[in-house]
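Structure first, commentary second.
The values are calculated or read from the model by the stated rules, or taken from the named source; none is laboratory data. Every value quoted in this text rests on a predicted model; they were computed, and no experiment measured them. Cβ sites come from the backbone with ideal geometry, for glycine too, and all protein chains shown count toward neighbours. These accessible areas exclude ligands, DNA and RNA; they are computed on the full protein's heavy atoms, side chains included. Shrake-Rupley method; radii C 1.70, N 1.55, O 1.52, S 1.80 Å.
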Amino acid sequence: MAWFRVQLTEEQQRIVHEERTSHPDLRVREKMLVLWLLHCGTTRQKAAEIVGRGRATVHRYVVAFREGGLDGLRRCNYHGPVSAMAASRELIRESFEKQPARTMAEACERIFQLTGLRRGPSQVRKFLTGMGLKFHRVRPVPVPPKKTWPSTPGPKLSSSRAS
């Protein structure tokens with residue numbers, strides 16, 4: 001079977017040129033860039049190198065375009081794993097916005113009390129950061145003592161005169 005040569009009509013060229021820079025989904029912009037490169041005569045291997053993907057991925061993009069046109073390229077069939085805590089996202093957000101946790105261990109314990117799901121500090125940190133919550137490192141502020149005891153030596157005074 002011969003290679004499918006990508007040839008775009010004037011209308012498709014306009015749409016691809018526009019969507020490869022302004023489509024909200026990064027993956028669709030990448031697909032449109034690959035399609036544009038192939039239309040301009042770039043080889044599939046070179047297009048894969050430019051985009052930073054494998055040649056097989058570029059081939060899948062071409063097959064999607066051949067079978068479904070531009071709408072076939074816009075389709076996204078990626079469904080990643082969903083966290084069990086995602087169902088309680090709003091409850092967790094309200095709780096942490098109302099009363100921030102001081103430590104990651106406290107955050108883990110509070111999530112366990114709210115949802116019944118026990119997660120480690122790394123997973124909780126990633127989940128909370130993904131929700132847009134920020135962590136502020138709390139440190140003690142050094143303060144000089146208010147009183148000096150008679151047994152503590154006082155400040156040393158330096159003399160500017162040489163004797």
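Below is a table of values for the structure above.
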read-out	value
Lone unmet requirement of (1) open to solvent by 30 Å² or more (accessible area, probe 1.4 Å); (2) touching a helix residue (DSSP H, G or I) at 6+ places or on another chain (Cβ under 6 Å) for GLU67	(2)
In region 125-139, the residues that are surrounded by fewer than 14 Cβ atoms within 10 Å (Cβ to Cβ), assigned to a helix (DSSP H, G or I) and either touching a strand residue (DSSP E or B) at 6+ places or on another chain (Cβ under 7 Å) or not small (Gly, Ala, Ser) (or both)	LYS126, THR129
Pairs with Cβ under 9 Å, 6+ apart, first in region 53-82 and touching a residue at least 60 places away in the same chain (Cβ under 8 Å), second assigned to a loop (DSSP other than H, G, I, E, B)	ARG66/PHE4; ARG66/VAL6
Boolean, THR9 is free of Cβ contacts under 8 Å to residues at least 60 places away in the same chain, of a type outside the set (Lys, Arg) and open to solvent by less than 90 Å² (accessible area, probe 1.4 Å)	yes
Qualifying helices (runs of 4 or more DSSP H) (wholly inside region 20-111; at least 3 residues being of a type in the set (A, V, I, L, M))	26-39, 44-51, 55-74
Evaluation of ARG118 against (1) surrounded by 14 or more Cβ atoms within 10 Å (Cβ to Cβ); (2) modelled with pLDDT of 90 or more; (3) assigned to a loop (DSSP other than H, G, I, E, B) (one fails), failing number	(1)
